[in-house]
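Student: Sharing a structure with you now.
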Amino acid sequence: MPMAADSFDPQAVRGDFPSLARLRGGKPPIYLNNTCMTLRPRPVIEAITAYYAEFPTCGGGRLDAQGRSSNWFQGELHEHEVESRRLMAELLGAASPSEIVWTRNATEALNIVAHGLQLEPGDEVVGCVREHNSNLVPWLEVERELRARAGDPELVVRRTFDLKPDGAFDLAQALEAISPRTRVLAIGHASNLDGTRISDEDLKTLADRVHAVGGVLVLDAAQTVPHRHVDVQALGVDFLACSIHKMCGPTAMGALYGRKESLTALRPFIVGGDTVSDTWLDRVEYKLPPGRFEAGLQHYAGMVGTAAAIRYVRDHVGFEAIEAHERRLNRHLTHRLLPLLGDHLQLLGPVDADQRGGVLTLASHSGALINAIERQADRQANVMVRVGMFCSNAYLHERFDTRGSAANNLRVSVYFYNTLDELDVFADVVEGVLADPVAAMDEGA
Amino acid sequence: MTISHAVRRHYAERIFAVGGRGEVPEAFRPLEGDATGRSTVEGCRGGGKNVLEVRVRVNDGRVEAISMGCNLCNPAMYVAADILGRWARGRAADEILALEARSEEVLDPWFEALRAPERPADAAEKFRYTLWAVQNALRDDRGLPARPTPDFDPGAPTMGADRPSEETV
């Protein structure tokens, strides 16, 4: 039974996270880098450990145990594999577990799609100007290949649409970019840079439009699946990529959802052991999806841990509580930091915290100032945040090279176990640094 | 390394304060027009920060334009980039490429610009890294590969001005 959204108290879950009980200098950690990777609760750690302690064997059973003998350990692992895939399908609203492909992360999932779609010269891929590198670079590679095939270095393959001036999604510009040549609309559901998200209504409109021209909707949902209910069928999504390590799950565990017919049409990207039903010296017969996309021995401990993570996040905490709590946290931090912003420090994205999910990113002309805040936060109060470009290089270059560097940014990202007090500690650090910024810049590397 | 008084003064007055007015010091403005050479240097060992990007446009053998980008740099790197950026503009590429980054004498004009006769170690180290990056950008302009960046450890003995260049460019 999920926790109530209006009365959710992070103290009710913090005891489940062993890493939060650690101390350095007598102080606990304050982990505010959840957009990158979250902490793990005890049930997930125990599930991962159970694989290694109890049935540490090779799987490969997929949905039907095809291809490997089923002994004691394999039988137990097989049950976990099936259950984990079923839960993932259920989490995303997929029609069947066979629509779920395990990957290392969302990046790998997006590569499987980009390289598997077999686009032709003349086909176009639409995305926004702020796609994460994981949803940009694979398509740049597709562009490079198609241009080479066409012998035309200027061939238009990728079309990008802009955002509103404050970074919010702009449906009108997105719709305008979709043309009869569009074969793929590949977009991020929520930005890891500033937290802005495409609403369900807008996403459905986009899906309808791209389907009307014969294209597919590829959704990079790495920043939404851990935080809210995402239903691929209701939204009209053809492919969805997400990372389990951003939702309390094991490291290097991700998933690709593909609508059955879309997945079946994909050419396998990484092939070899376990992707085939049979081989001969001159030919190969691939398994049906998802098996054909899961090459070699897999991250079985990750699958077992994924099931535990889904149960913990969705069933124990609940997405309503998560969304509501993140909103409370971001409103509070925004309220604390807004008075401190000015010439030296700005907020990326909309001022309204409700539009930024659990993300607050600060930007500066001064990398030294950003470094000082990060360093003081870590040293004074064990606060862990992230600095840099967050894989949004292209967008940041476009907008901020004029200030001397696009890399001078610091991101705070929260999850359900964070508290208002923790954010106050961080805000106090920022306040202290800004009181005498140059003095705070000592000991830079 | 603690920031020296001279670096702190230069950074506060000529870089941070200017940025605080919504402008960017000249050396850090984007290059107008295309670059003919570019390079990056990581001005600290093993850090992954303090990355200086240099873009140059060489015309008729001279540095017509130069732009520095400081990615999460510390004040000393900013200061070195600011001073060398202004110093390099209009200078002959051959002259810059002939300089030996490990020599003491090469630092003279930059310490003068810093108004630091005490020659603080933090500035010396970043001057050397910045010169290395500018030289690599000029090598890029000539189609030559970048030279790997050495460690300019301020605690290490100076190699001396007479040390021959590793490569002739």
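Student: If the viscosity is 0.890 mPa s and the temperature 25 °C, what Stokes-Einstein diffusion coefficient in µm²/s follows for chain A when Rh is the Kirkwood radius over Cα pairs? Spell out each step's value before the answer.
Tutor: Values: Rh = 22.9 Å.
Roughly 107 µm²/s, to the nearest whole number.
Student: On a full-extension model of 0.36 nm per residue, what is the gain between A:ALA234 and A:ALA5, subtracting their alpha-carbon distance, rounded to one decimal in nm? Intermediate values should be presented prior to the final figure.
Tutor: Values: separation 229, 0.36 × 229 = 82.44 nm, distance 2.32 nm.
This chain segment gains 80.1 nm when fully extended.
Student: Just for the Cα atoms in region A:54-178, what are the lengths along the principal axes, largest first, rounded to whole Å?
Tutor: The Cα atoms of region A:54-178 stretch 57, 38, 23 Å along the principal axes, largest first.
Student: Heavy-atom accessible area of A:LEU23 with all protein chains present, probe 1.4 Å, nearest 10 Å²?
Tutor: 120 Å²
Student: Here is a further query. Protein chains only, probe 1.4 Å: how do A:ARG144, B:ARG102, A:ARG386 rank by accessible area, largest first?
Tutor: Values: A:ARG144 140, B:ARG102 45, A:ARG386 90 Å².
The ordering from most to least exposed comes out as A:ARG144, A:ARG386, B:ARG102.
Student: How far, in nm, would the chain grow between A:SER96 and A:ASP421 when pulled straight, counting 0.36 nm per residue and subtracting the alpha carbon separation? Don't jump to the answer; show the numbers that get you there.
Tutor: Numbers: separation 325, 0.36 × 325 = 117.00 nm, distance 4.25 nm.
The span from A:SER96 to A:ASP421 would gain 112.7 nm if fully extended.
Student: Quick one: Cα convex hull volume of region A:86-134, Å³ per residue?
Tutor: Details: hull volume 6.1 nm³, N = 49.
Cα-based convex hull of region A:86-134, divided per residue, equals 123 Å³.
Student: I need the shape label for region A:287-397. Rule: rounded when a/c is under 1.5, else prolate if a/b > b/c, else oblate, with a, b, c from the alpha carbon gyration tensor.
Tutor: Working: a/c = 2.28, a/b = 1.73, b/c = 1.31.
Taking the square roots of the gyration eigenvalues as a ≥ b ≥ c, region A:287-397 is prolate.
Student: Okay, next question. Take the alpha carbon gyration tensor of region A:357-420, find the square roots of its eigenvalues, order them as a ≥ b ≥ c, and report rounded if a/c is under 1.5; if not, report prolate when a/b exceeds b/c, else oblate. Spell out each step's value before the answer.
Tutor: Values: a/c = 3.03, a/b = 1.48, b/c = 2.04.
It comes out oblate by the Cα gyration axes.
Student: Round to a whole number: what % of the accessible area of chain A belongs to carbon and sulfur, probe 1.4 Å? Walk me through the numbers on the way to the answer.
Tutor: Working: 9080 of 17510 Å².
Solvent-exposed carbon and sulfur of chain A make up 52 percent of the total.
Student: Could you compute how much accessible area chains B and A hide from each other, both sides summed, with a 1.4 Å probe? Nearest 100 Å² is fine.
Tutor: Values: alone 8510 and 18510 Å², together 24970 Å².
Between B and A, the summed buried area is about 2100 Å².
Student: Would you compute, from DSSP H runs of 4+ residues alone, the mean residue ellipticity of the protein assembly as shown at 222 nm, taking -39500 (n - 2.57) per run and dividing by the full residue count, rounded to the nearest 500?
Tutor: On the way: 20 runs with 219 residues, N = 614.
Helix contribution divided over all residues of the protein assembly as shown: -11000 deg cm²/dmol.
Student: Right, next: Tell me, what is the 1.4 Å probe accessible area of B:THR40, in Å² to the nearest 10?
Tutor: Probe radius 1.4 Å; accessible area of B:THR40 about 80 Å².
Student: Anyone know which of A:GLY305, A:GLY26, A:GLY342 comes out most mobile in the 10 Å Cα GNM of chain A?
Tutor: So, out of A:GLY305, A:GLY26, A:GLY342, the one fluctuating most is A:GLY26.
Student: Could you give me the percent of Cα pairs per 5 Å distance bin for region A:218-357, shortest bin first, beginning at zero and ending with the bin that holds the maximum distance?
Tutor: Reading the bins upward from 0: 2, 8, 13, 14, 16, 13, 10, 8, 6, 4, 3, 1, 1, 0.
Student: A:ARG86 accessible area, nearest 10 Å², 1.4 Å probe?
Tutor: About 90 Å², ignoring ligands and nucleic acids.
Student: Under 29 Å Cα to Cα from A:LYS164, which lysines show up? Leave out anything in the same chain fewer than 8 places away.
Tutor: Hits, sequence-local ones excluded: A:LYS204, A:LYS246.
Student: Residues of region A:143-170 with amide nitrogen under 14 Å from the 7 Å Cα-to-Cβ point of A:GLN346?
Tutor: In region A:143-170, the label zone of A:GLN346 (backbone N under 14 Å from the point 7 Å along Cα→Cβ) covers A:165-168.
Student: Further question: Mind giving me the nanometre distance, one decimal, between the label points for A:ARG181 and A:PHE73, set 7 Å out from Cα along Cα→Cβ?
Tutor: Calculated label separation equals 5.5 nm.
Student: Enter the mean number of other protein chain beta carbons within 10 Å of the beta carbon of each residue in B:60-72, as an integer. Before the final figure, lay out the partial values.
Tutor: Details: counts 0, 0, 0, 0, 0, 0, 0, 2, 2, 9, 8, 10, 18.
Going residue by residue through B:60-72 and averaging, the value is 4.
Student: Only Cα pairs within less than 10 Å get springs; with that Gaussian network setup on chain A, which residue of A:ALA301, A:ALA109, A:ALA222 has the largest fluctuation?
Tutor: With Cα springs under 10 Å in chain A, the top fluctuation among A:ALA301, A:ALA109, A:ALA222 is at A:ALA301.
Student: Would you mind giving the average projected area, over all directions, of the Cα convex hull of region A:105-184 in nm² with one decimal? All intermediate terms of the calculation are to be shown ahead of the outcome.
Tutor: Details: hull surface 22.3 nm².
Quarter of the Cα hull surface area: 5.6 nm².
Student: Consider a paramagnetic label point 7 Å from the Cα of A:ARG22 along Cα→Cβ; state which residues of region A:30-56 have an amide N under 15 Å from it.
Tutor: A:30-34, A:37-42
Student: Pop the C-beta distance of A:GLU141 and A:ALA265 into the FRET formula with R0 = 25 Å and round what comes out to the nearest 0.05.
Tutor: Numbers: r = 20 Å, r/R0 = 0.78.
Using R0 = 25 Å, I get an efficiency of 0.80.
Student: Another question, then. Just to confirm, what accessible area per residue do you get for region B:1-121 at 1.4 Å probe, in whole Å²?
Tutor: Working: 5190 Å² over 121 residues.
Counting only protein heavy atoms, the per-residue value for region B:1-121 is 43 Å².
Student: Sort A:418-426, A:71-79 by packing, meaning the average of other beta carbons within 10 Å per residue, with the highest value first.
Tutor: Values: A:418-426: 18.6, A:71-79: 16.0.
With the highest mean Cβ count within 10 Å placed first, the list reads A:418-426, A:71-79.
Student: May I pose another question? How far apart, in nm, are two points set 7 Å out from the Cα along the Cα-to-Cβ line at A:ALA148 and at A:GLU201?
Tutor: 4.5 nm
Student: Let me make sure I get this right: for region A:50-313, a, b and c are the square roots of the gyration tensor eigenvalues over alpha carbons, sorted descending. Under 1.5 in a/c it's rounded, otherwise prolate if a/b > b/c, else oblate. Which is it?
Tutor: On the way: a/c = 2.27, a/b = 1.44, b/c = 1.57.
Oblate shape, in that a/c is at least 1.5 and b/c is the bigger or equal ratio.
Student: Let me ask you something else. Using the alpha carbons of region B:5-141, what is the convex hull volume per residue in cubic angstrom, as a whole number? List each step's numbers first, then the result.
Tutor: Working: hull volume 13.6 nm³, N = 137.
So the per-residue Cα hull volume is 99 Å³.
Student: Got a sec to turn the phi values of region A:353-359 into Karplus ³J(HN,Hα) couplings, 6.51 cos²θ - 1.76 cosθ + 1.60 with θ = phi - 60°, whole Hz, x for Gly and Pro?
Tutor: Per residue, the Karplus-derived 3J(HN,Hα) values read 4, 5, 8, 10, x, x, 10 Hz.
Student: If R₀ is 51 angstrom, what is the calculated FRET efficiency for the pair B:ASP151 and A:VAL129, using the beta carbon separation as r and rounding to 0.05?
Tutor: Numbers: r = 39 Å, r/R0 = 0.76.
My answer for the efficiency is 0.85.
Student: While we're on this one: How would A:LYS246, A:LYS164, A:LYS260, B:LYS49 rank on accessible area, largest to smallest, probe 1.4 Å?
Tutor: On the way: A:LYS246 30, A:LYS164 90, A:LYS260 130, B:LYS49 55 Å².
Result of the area sort, largest leading: A:LYS260, A:LYS164, B:LYS49, A:LYS246.
Student: Percent relative contact order of region B:5-141, based on C-alpha pairs within less than 8 angstrom and at least six residues apart? Please report the intermediate quantities before stating the final value.
Tutor: Values: 235 pairs, mean separation 41.0, N = 137.
RCO, region B:5-141: 30 percent.
Student: Same structure, new question: If you rank A:THR264, A:THR196 by how much accessible surface each has, with a 1.4 Å probe, what is the order from largest down?
Tutor: Working: A:THR264 65, A:THR196 5 Å².
From most exposed to least exposed: A:THR264, A:THR196.
Student: With labels modelled as points extended 7 Å from the Cα through the Cβ direction, what inter-label distance (nm, one decimal) is found for B:ALA12 paired with A:TRP280?
Tutor: 8.1 nm
The values are calculated or read from the model by the stated rules, or taken from the named source; none is laboratory data. Remember, it's a predicted structure, so these values are computed and weren't measured experimentally. Backbone-built Cβ (ideal geometry, glycine too); neighbour counts: all protein chains shown. Remember, those area values only see protein heavy atoms, side chains included, never the ligands or the DNA or RNA. Shrake-Rupley method; radii C 1.70, N 1.55, O 1.52, S 1.80 Å.
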